[in-house]
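First comes the structure, then the notes that go with it.
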Amino acid sequence: MSEFFKKTVAAVLAFALALFSAQTASAYTLHMTVADLRLSSAVVGTSACPVPAHRLTAAGSFSVQWSTSLGASPLTVLTQDQTAAGRLNEIEKTIQQSLGVWTGVSGSVLLPGTLAPLARVSSSTACAADGLNSICFNQSDAGFTPGILAFTRVITADHLGAQLTNGPAATEIGEILDADVYFNPGDPNTTFATPQALAANPAAYDLESLLTHELGHAIGFSHSAVWRAMMAPYAPAPGTFTGQRPTTLAPDAPLAEDDRTGLRALYPDPSDTVHTGSISGRILPANALSLPAVPAGVSGIFGAHVVALDAASGNVVAGVLGGWSCSGTGPAQFDGSYRIERLAVGAS
Ligand SMILES: [Zn+2]
């Protein structure tokens, strides 16, 4: 489960991090799955290496439905159009734009055609572990602890054939079987506004920014610690939004380069001739005695933040949390390895 916090919580967490770590920059991370090797090798293979959680990318394979049930007191989602039909159309357009952000990145095979037409459902409790990807604005959940604005619950396949009630049987390890986006409906002080309504409601959170972030979880992302990245775990302040608004020419405009690089690494386009660079290596301690004796086999630093910068601008292009590698049958080795892939050649 991945939550999206209010800024006040962000400030507390950032302070805590500053106390415990000298590192200030990390970057995209991917949600990983390990095959359940207790099952037959026919359905899990023989490798204990972690696999990134991911979507299939065939045309129409990613279906999303959203619940038209909206909290009324206060109104959870504020729109410019106040009519019943207009309100739903405005929210639906925001959802489509948020999905389009992730299918609008060059060098990725997650394409607009991967998406099935967005569907509506009237039930307020459409978010369930049922194999249907749902967005809910009026469903309470124990996950809404104080400060949580929205979160996404993701279920992935740890064996071939894994299946939820209304979804297809998994054909790949790590395939995302269900991802449900929950917006907090129960906080009387928390409202969300569409892009059209945000300026008139500066105390509301930007629905599009939060949706885009949560949908990043729904396609396999965990959090990034690059402050400006879409996948940073902190919501923009009320009345503001993340990055630039998407446009027809730049549907992925809200993303930071860190988000794009992560997407290219997760859904690489084999015909991409631009983002073919990679940086890899190992992070080793100057003093080998600083490595733990238990568990055995730790030969490098775990959890080091490795960040690639654009040599011209100094901007963060991408980065990863280093610490392990895995090959063959695994398991993962804690050898300090890192690898940042899908970088534009010559730019970093
Ligand atoms: Zn999140």
Here the residues within the range 149-202 that are more than 16 Å from the ligand (Cβ to nearest atom) and of a type in the set (D, E, K, R) are ASP158, GLU172, GLU175, ASP178, ASP187
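Would you call ILE91 within 16 Å of the ligand (Cβ to nearest atom) and either part of a helix (DSSP H, G or I) or aliphatic (A, V, I, L, M) (or both)? Break it down into steps so the answer makes sense when it comes.
Working: within 16 Å of the ligand (Cβ to nearest atom): no; either part of a helix (DSSP H, G or I) or aliphatic (A, V, I, L, M) (or both): yes.
Judged against the criteria, ILE91 is not a match.
In the set SER278, SER299, which member is free of Cβ contacts under 8 Å to residues at least 40 places away in the same chain and of a type in the set (Gly, Ala, Ser)? Full working, then the answer.
Numbers: SER278 fails: free of Cβ contacts under 8 Å to residues at least 40 places away in the same chain.
Testing whether each residue is free of Cβ contacts under 8 Å to residues at least 40 places away in the same chain and of a type in the set (Gly, Ala, Ser) leaves just SER299.
Which of the residues spanning the range 210-224 are over 22 Å from GLY239 (Cα atoms) and either more than 9 Å from the ligand (Cβ to nearest atom) or not assigned by TED's automatic domain parsing to the domain that holds CYS136 (or both)?
Step one: list which residues in the range 210-224 are over 22 Å from GLY239 (Cα atoms), which gives 217-224.
Passing the criteria: ALA218, ILE219, GLY220, SER224.
If you check LEU132 against the conditions, is it buried (at least 20 other Cβ atoms within 10 Å of the Cβ), out of contact with any Phe, Trp or Tyr (no Cβ under 9 Å at 6 or more places or on another chain), in the same structural domain as ASN89 (by TED's automatic domain parsing) and more than 21 Å from MET231 (Cα to Cα)? Full working, then the answer.
Values: buried (at least 20 other Cβ atoms within 10 Å of the Cβ): yes; out of contact with any Phe, Trp or Tyr (no Cβ under 9 Å at 6 or more places or on another chain): yes; in the same structural domain as ASN89 (by TED's automatic domain parsing): yes; more than 21 Å from MET231 (Cα to Cα): yes.
Judged against the criteria, LEU132 is a match.
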Over the range 166-214, the set of residues in contact with a helix residue (DSSP H, G or I) (Cβ under 7 Å, 6 or more places away or on another chain) and among the polar types (S, T, N, Q) is THR194, GLN196, THR212
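Taking the stated definitions as given, is ALA232 modelled with pLDDT under 95, under 19 Å from ARG264 (Cα atoms), within 12 Å of the ligand (Cβ to nearest atom) and surrounded by 20 or more Cβ atoms within 10 Å (Cβ to Cβ)?
Yes.
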(1) within 12 Å of the ligand (Cβ to nearest atom); (2) at pLDDT below 95; (3) within 10 Å of TYR28 (Cβ to Cβ) all hold for THR261 apart from (1)
Of (1) of a type in the set (A, V, I, L, M); (2) out of contact with any strand residue (DSSP E or B) (no Cβ under 6 Å at 6 or more places or on another chain); (3) within 17 Å of GLY216 (Cβ to Cβ), LEU160 fails just (3)
Sole miss for ALA318 among (1) in contact with a Phe, Trp or Tyr (Cβ under 8 Å, 6 or more places away or on another chain); (2) modelled with pLDDT of 90 or more is condition (2)
Of the conditions (1) under 22 Å from the mean Cα position of the chain (by Cα); (2) part of a loop (DSSP other than H, G, I, E, B); (3) surrounded by 14 or more Cβ atoms within 10 Å (Cβ to Cβ); (4) at pLDDT 95 or above, the single one that SER106 does not satisfy is (3)
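Tell me, which residue of the range 249-298 that is in a loop (DSSP other than H, G, I, E, B) and among the acidic types (Asp, Glu) is farthest from the chain's Cα centre (by Cα)?
Applying the first criterion (in a loop (DSSP other than H, G, I, E, B)) to the range 249-298 yields 249-256, 267, 269-276, 283-287, 291-298.
Filter again for among the acidic types (Asp, Glu), leaving 252, 269, 272.
Working: ASP252: 14, ASP269: 19, ASP272: 22 Å.
It comes out as ASP272.
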Quick check: anything in the range 235-247 surrounded by 18 or more Cβ atoms within 10 Å (Cβ to Cβ), within 28 Å of VAL317 (Cβ to Cβ) and within 14 Å of the ligand (Cβ to nearest atom)?
-> yes
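Here is a yes/no grid of residues against (1) in contact with a helix residue (DSSP H, G or I) (Cβ under 9 Å, 6 or more places away or on another chain); (2) free of Cβ contacts under 8 Å to residues at least 40 places away in the same chain:
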residue: LEU37; (1), (2): yes, yes
residue: SER41; (1), (2): no, yes
residue: LEU56; (1), (2): yes, no
residue: PHE62; (1), (2): yes, no
Of the residues in the range 128-182, those that are touching a residue at least 40 places away in the same chain (Cβ under 8 Å), farther than 20 Å from ALA116 by Cα and of a type in the set (A, V, I, L, M) come to ILE148, LEU149, ALA150, ALA157, LEU160, ILE173
Check: Quick check: is even one residue across the range 124-137 part of a loop (DSSP other than H, G, I, E, B) and within 16 Å of the ligand (Cβ to nearest atom)?
Finding: yes
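Taking SER290, is it modelled with pLDDT under 90 and touching an Asp or Glu at 6+ places or on another chain (Cβ under 7 Å)?
It is false that SER290 is modelled with pLDDT under 90 and touching an Asp or Glu at 6+ places or on another chain (Cβ under 7 Å).
What about ALA162, is it within 28 Å of ARG55 (Cα to Cα), small (Gly, Ala, Ser) and not in a strand (DSSP E or B)?
It is true that ALA162 is within 28 Å of ARG55 (Cα to Cα), small (Gly, Ala, Ser) and not in a strand (DSSP E or B).
The values are calculated or read from the model by the stated rules, or taken from the named source; none is laboratory data. Note that this is a predicted model, so its numbers are computed, not measured. Methodologically, a virtual Cβ is constructed for each residue, glycine included, from the backbone with ideal geometry; neighbour enumeration extends over all protein chains shown.
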